[in-house]
Every structure is written in C-alpha cells, then in structure tokens.
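Here the structure is laid out as structure tokens; the discussion comes afterwards.
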Amino acid sequence: MEAISKIASARRCDVDHGNTSLACITVQSKRDRLANSCDISWRHDSFAARQFPTGETLSEENSVMTDIWIRSASNFFAFLRMDTSAVTSPNGAGSGTVNGQFYGPGSEPITATGNDEVFFVPVSDTAFALRSIVSANAYLRMDGSSVTEFNVDGSGTVNCQYYPQGAQPQAVPGNDEVFRFVSIPNSPVVAIRSFNYPNAYLRMNAARVTSRQGNGSGIVNCQYYAPGSLPQWTPGNLEVFHVSAIPIRTS
C-alpha cells in the first residue's frame, strides 16, 4: 500500500501522457503561457525539478512545497472551489461543497488564509490528491460509481472527504480521493481522472460563473469517457483544465 506523499516541486504531479505515466505538472505562468515542465514540448525553469526514488515519501523537511489552482478551459474566469466548512468528520457520502468561483481579468487565486480556490497536492509516483489549504483534513472526493455512460449534464458526485490528523488518501483501489492528471496531446491543458473509476473525469460547467459569489457558482461533477478516449481541447469541453503552481512561503 503506497501512501500519497507530498509534492516535491511544481513539476512533481503525475500526468498520463498517451500510454506513458510521467511525473510532472502543467505549469502556467502569469503571462498565461503554459509550459509542460517535463519538457515534452515546452521548457519552464521557474521551479527546480527533483527526482525521488519510487516509494519515497516526501515531507516538508525534504521538499519544495507548492499549492495549485485549477481553472476551467471553457471559462477563463472560473476556478475550482472547495468549501470545507462542513467537512468535520468522515462521511460515507462525503460532505462539503465543490463548485466554481469567479476571478476577474488579471486576477487569480493566491495562497491566503480562507482561500477556497487554492489546493495543496500530496502525490505519489502514480497519483495525487487535492487537499484544501483552508482545512488540512479535507480532500477532494469523486464518487464515479454511477458514471457509466456519457451524460450531457454530467453525473456522479464531487464533494469532499474528511481525513483525521496523520491520515491521508491511499493510492489503492476503492479510494475516491485519489486522482491522475491526464495530459491532452497537442494542448496546454489536462484532464483530471478518478483513480478508482478510470472512465470518470472531473467536469466543471462554468457557464453561470459570471460574477463572484460568496457560496460559489457553477456545477462540478463527472463525465464518462469510454476506454481509449480522452477529453479533447475543443471549445466548450467541460473536462479540461489549466493548472498553475503557486510556491508556498516557508519563512
């Protein structure tokens, strides 16, 4: 059993690229240029890549920590939001609210107390989890058990799950809090796929995310893709995202 370990750098998330699993993350600069930090087709030197032996658990003492934000590729003003205020104990059906939040032109989420649109990413060599920076016990959860065919409105449930202090998601079958980044060929975007349900991808309908709302807006759930198919970087695709790393201040 392999625990999800903490991110080593902005380049240390897992991405499935075609049939090859690559330990990397798509990084977005403030100039809105996307760079794939594993040098598949781009170069980005803002963060130093660091390789670790398979199975090594990274800690705050031996890694460069980063946060991330996740932005819809169909609405550049809509960012994934995780409200963890109700995530106070384990719940079989999950708890909390996951939806979208609006950021105006030229603005983006930052690492700050109470920011629901920034996430910490513990990772292993094969998967990752999204933990709220507001609540260290709350992780993104995707129940894809009902995601069995394409649905124009999406299906499944995306919310949060509580983990007590010292516990974290495990990269094992049956865990709804573990995911994979899947890079989309010939594009700067990624899809976010359930580790437990490999045909279920994170979906954000951000059509109504047009102004900042205290409770967020938009709909976040799942979409089904048949084996061998991937979300495409095309206008209106709700299953592809831009991801940017935000260095954590350690002093």
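The values are calculated or read from the model by the stated rules, or taken from the named source; none is laboratory data. Small disclaimer: the values here were computed from a predicted structure and weren't measured. With ideal geometry, Cβ positions are generated from the backbone for all residues, glycine too; neighbour counts draw on all protein chains shown.
Things to note:
- Scanning the range 145-162 for residues that are crowded, with 18+ Cβ neighbours inside 10 Å and part of a loop (DSSP other than H, G, I, E, B) yields VAL147, GLY154, GLY156.
- Selected residue (only one of ASP176, ASP125 is crowded, with 17+ Cβ neighbours inside 10 Å, more than 20 Å from ASN237 (Cβ to Cβ), under 16 Å from the mean Cα position of the chain (by Cα) and of a type outside the set (Phe, Trp, Tyr)): ASP176
- Test: TYR201 is in contact with a Pro (Cβ under 8 Å, 6 or more places away or on another chain) and within 20 Å of VAL134 (Cβ to Cβ): no
- Counted residues, the range 108-129 - those being under 22 Å from ASN196 (Cα atoms) and in a loop (DSSP other than H, G, I, E, B): 6
- Residue match in the range 130-144 (condition: at pLDDT below 95, of a type in the set (A, V, I, L, M), assigned to a loop (DSSP other than H, G, I, E, B) and surrounded by fewer than 17 Cβ atoms within 10 Å (Cβ to Cβ)): yes
- Residue list for the range 132-165, restricted to those being touching a Leu at 6+ places or on another chain (Cβ under 9 Å) and closer than 18 Å to GLY92 by Cα: TYR139, LEU140, MET142, VAL158, ASN159, CYS160, GLN161
- When ALA226, ALA167, ALA207 are checked against the criterion of being modelled with pLDDT under 95 and part of a loop (DSSP other than H, G, I, E, B), ALA167 stands alone in meeting it.
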